[in-house]
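Below: one structure, written as structure tokens.
The values are calculated or read from the model by the stated rules, or taken from the named source; none is laboratory data. Source: prediction; values computed, not measured. FYI the Cβ positions are ideal-geometry reconstructions off the backbone, even for glycines, and counts take in every protein chain you see.
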Amino acid sequence: MSSSPLFAPLELRKGIIAKNRVWLAPLTNQQSHHDGTLGDDELAFLAARAEGGFGLIETCAAYVANDGKAWPGELGVHDNAMGPGLTRLAARMHEAGALAQVQLFHGGLRAVPEVSGQPAWSASAYSDATLSARAATNDDIASVIDAFAAAAQAAPVRASIRSNCTVPMAICFRSFSPLRTISAPTNGVVASPIAHA
Ligand SMILES: Cc1cc2nc3c(=O)[nH]c(=O)nc-3n(C[C@H](O)[C@H](O)[C@H](O)COP(=O)(O)O)c2cc1C
């Protein structure tokens, strides 16, 4: 066994322990169902990584509201109907010894109307050769804040988190965010721990 600190356990808040510091970055692979429920292929992809030894598995960007959906086959955290799949996902990660974390996401400018069925909106109106979005209203902002909060608290994200691990970890979502709106709430992502055993 290597003596590198990479392979040493890491204690997170409230005593949650990751068995090492080698964590899977979020990877969108579009392997879930049309309605956002977990697909078997998505689960198998993540399970293989958990079994391979990652200490924490983060899901792909998972949409918190329909108008923020950016890919066909994207995992959803926008509706209670997603609960059984997320529970299955977390249980499978734990069975393999990994912590599980879901990347909460709203596409903003990068949401795709053909996929979401709704017009894209972002912090300000935008249009170029490939992307366009209307400007956010105050209601949009309030609603996306609620959507992130609801997703972070949704069953099983909340129900399956032990009471000692309830604070979502904030991360910067840079890969798909145009620089001009990088700090806009509609392009932010929160990674929320799911079902820590
Ligand atoms: C196929 C693919 C899908 C990705 N999906 C996501 C995603 O859903 N969310 C995200 O924040 N980053 C996503 N990324 C970015 C990766 O998580 C990672 O940050 C990027 O590949 C850079 O990694 P590196 O710094 O180790 O090279 C994706 C990257 C690739 C190649």
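Summary of computed values
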| read-out | value |
| --- | --- |
| Verdict on Ile57 being free of Cβ contacts under 8 Å to residues at least 24 places away in the same chain and hydrophobic (A, V, I, L, M, F, W, C) | no |
| Test: residue in the range 97-106 that is under 23 Å from Gly15 (Cβ atoms), in a helix (DSSP H, G or I) and not small (Gly, Ala, Ser) | no |
| Residues satisfying the stated conditions in the range 109-131, i.e. within 16 Å of the ligand (Cβ to nearest atom) and hydrophobic (A, V, I, L, M, F, W, C) | Leu109, Ala111, Val112, Val115 |
| The range 21-43, residues that are within 15 Å of the ligand (Cβ to nearest atom), closer than 30 Å to Ser4 by Cα and not in a loop (DSSP other than H, G, I, E, B) | Trp23, Leu24 |
| Members of the range 109-151 that are of a type in the set (Ser, Thr, Tyr), out of contact with any Gly (no Cβ under 9 Å at 6 or more places or on another chain) and not in a helix (DSSP H, G or I) | Ser124, Tyr126, Ser127, Thr130, Ser132, Thr137 |
| Residue identified as at pLDDT 95 or above and on the phi < 0 side of the Ramachandran plot among Leu38, Leu99, Leu89, Leu109 | Leu38 |
| Residues (over 29 Å from Pro84 (Cβ atoms) and either under 19 Å from the mean Cα position of the chain (by Cα) or not polar (S, T, N, Q) (or both)) located in the range 2-21 | Pro5, Leu6, Phe7, Ala8, Pro9, Leu10, Glu11, Arg21 |
| Total residues in the range 1-16, condition part of a helix (DSSP H, G or I) and either charged (D, E, K, R) or loosely packed, with under 11 Cβ neighbours inside 10 Å (or both) | 4 |
| Asp139 being out of contact with any helix residue (DSSP H, G or I) (no Cβ under 9 Å at 6 or more places or on another chain), acidic (Asp, Glu) and either within 14 Å of Ala65 (Cβ to Cβ) or modelled with pLDDT under 90 (or both) | yes |
| Unmet criterion (only one of (1) within 16 Å of the ligand (Cβ to nearest atom); (2) surrounded by fewer than 23 Cβ atoms within 10 Å (Cβ to Cβ)) for Leu46 | (2) |
| Hits in the range 58-108 (condition: surrounded by 24 or more Cβ atoms within 10 Å (Cβ to Cβ), within 12 Å of the ligand (Cβ to nearest atom), of a type outside the set (Asp, Glu) and within 16 Å of Leu43 (Cα to Cα)) | Thr59, Ala61, Ala62, Leu75, Gln101, Val102 |
